[in-house]
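Please treat every number below as a calculation from the coordinates, not as lab data. Computed from a predicted structure; not experimentally measured. As a convention, Cβ positions derive from the backbone with ideal geometry for all residues, glycine included, and neighbour counts pool all protein chains shown.
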Amino acid sequence: MGETTSDKVSAEVAGTWMLGGLTVNRIGFGAMRLTGSSAFHEGTPRARSQGVEVLRRAVELGVNHIDTAAFYFSRLRSANELINSALAPYPDDLVLAAKVGPARDASGAWTTPARPDQLRGQVEENLRQLGRDHLDVVNLRIMGQDSISEHFGALAELRNTGLIRHLGISNARPEHLVEAQAIAPVVCVQNRYGIDARSGEQMLRTCGESGIAFVPYFSIAGAGREAGAVHSEHERLLALARAHGVSPARLRLAWTLQQGKHVLVIPGTGNPDHLVDNMAAGGLHLTAEELELLDSLGHSAD
């Protein structure tokens, strides 16, 4: 069995990668869960003070890459507002990555995705909520369109004005990456990927070959978890986690990190204990045999 090679719980243990000219630790933090909701499930957020505590603790543990969006909100919580309250004035090395494209009305209902001419408004709303004069990274969340040239081109124009430093894409196919790179540099691709979600492997390899960060979401979630569904974990995964004395979540994150040095994980949580567990994933190193076992679980789920 592999061993946990470091007792230090820190995002730094997993190493670093570059987002454009910005160096980030490979374990970051996704802010969506702070609102009590997932992409498809309205939950109940924890106390606001706990969200602030988790964010401050994340930075103490070495997180310098936070993924957020103005559309990450619930009836009681806004992820951007929590980030601003907890962390401003921001550490010099903290990279804030926001997503644009999807749109919600004031009640939280999803509406028609933003047109290219509406993206500036979304960028400016993120800036206002975060209290920043620029965004380090903006990811265009692709909402089913075949061509992204107009949307990505609009963001490239905002990059030229200084409102955005770097650009990425999310929920993308390889042809989207080619199209975007012809317009402006792409520093990261955010796609769903994990042991149970392997359709993103081609994009993972393409990003690695190009030196682009691959930032998977739902790496911890098994099938159905993002919708708030109860999920039974693979028995062999549970057995391997027990053998290492770690949680299944930590095992899943460790597997994801070992898919390539260009892979950045952004697990989100509103629970301080879960935060520490996630940060410890960089110290869990799996053997080739263990990786093969987990690979087989994922392919059997396809």
Query raised in the report: Using alpha-carbon positions, what is the distance between the centroids of the stretch 11-26 and the stretch 41-84, in Å?
Result: 21 Å
Query raised in the report: Between Thr206 and Glu125, what length comes free when the chain is fully extended (0.36 nm per residue of separation minus the Cα-Cα distance, one decimal in nm)?
Result: 25.9 nm
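As a check on your grasp of the helix formula, calculate [θ] at 222 nm for the chain: sum -39500 (n - 2.57) over DSSP H runs of n ≥ 4, divide by the residue count, round to the nearest 500.
Taken over the chain, the calculation gives -10500 deg cm²/dmol.
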Requested in this report: Take the chain, connect every pair of alpha-carbon atoms lying under 10 Å apart with a spring to form a Gaussian network, then pick out the residue of Gly245, Gly208, Gly15 with the largest mean-square fluctuation.
Outcome: Gly245
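Going by how many other beta carbons lie within 10 Å of each one, how would you line up Arg33, Arg132, Arg252, fewest first? Display every interim value, and only then the final one.
Details: Arg33 22, Arg132 17, Arg252 25.
Ordered from fewest to most neighbouring Cβ atoms within 10 Å, Arg33, Arg132, Arg252 come out as Arg132, Arg33, Arg252.
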**Report entry** Distance between the stretch 89-112 and the stretch 243-290 - C-alpha centres, whole angstrom
**Finding:** 25 Å
Report summary line: Charge dipole of the stretch 48-162 built from unit charges on the beta carbon (Lys, Arg +1; Asp, Glu -1), centred at mean Cα; most positive-end Cα among Leu55, Pro116, Leu130 is Leu55
Report summary line: Restricted to the stretch 75-202, the DSSP antiparallel beta bridge percent, nearest 5, is 20 percent
Report task. Using label points projected 7 Å from each Cα along Cα→Cβ, tell me how many nm separate His134 and Asp146, to one decimal. Result -> 3.7 nm
Report summary line: Ordered by fewest other Cβ atoms within 10 Å, a rough proxy for footprinting exposure, Ser74, Ser49 read Ser49, Ser74
**Report entry** Ranked list, fewest to most other Cβ atoms within 10 Å of each Cβ, for Cys207, Cys188
**Finding:** Cys207, Cys188
Report task. Nearest 5 is fine: what % of DSSP beta bridges in the chain come out antiparallel, could you say? Result -> 30 percent
Query raised in the report: Rounded to the nearest 0.05, what FRET efficiency do Ser85 and Gln118 have when you use their Cβ-Cβ distance and R0 = 45 Å?
Result: 0.95
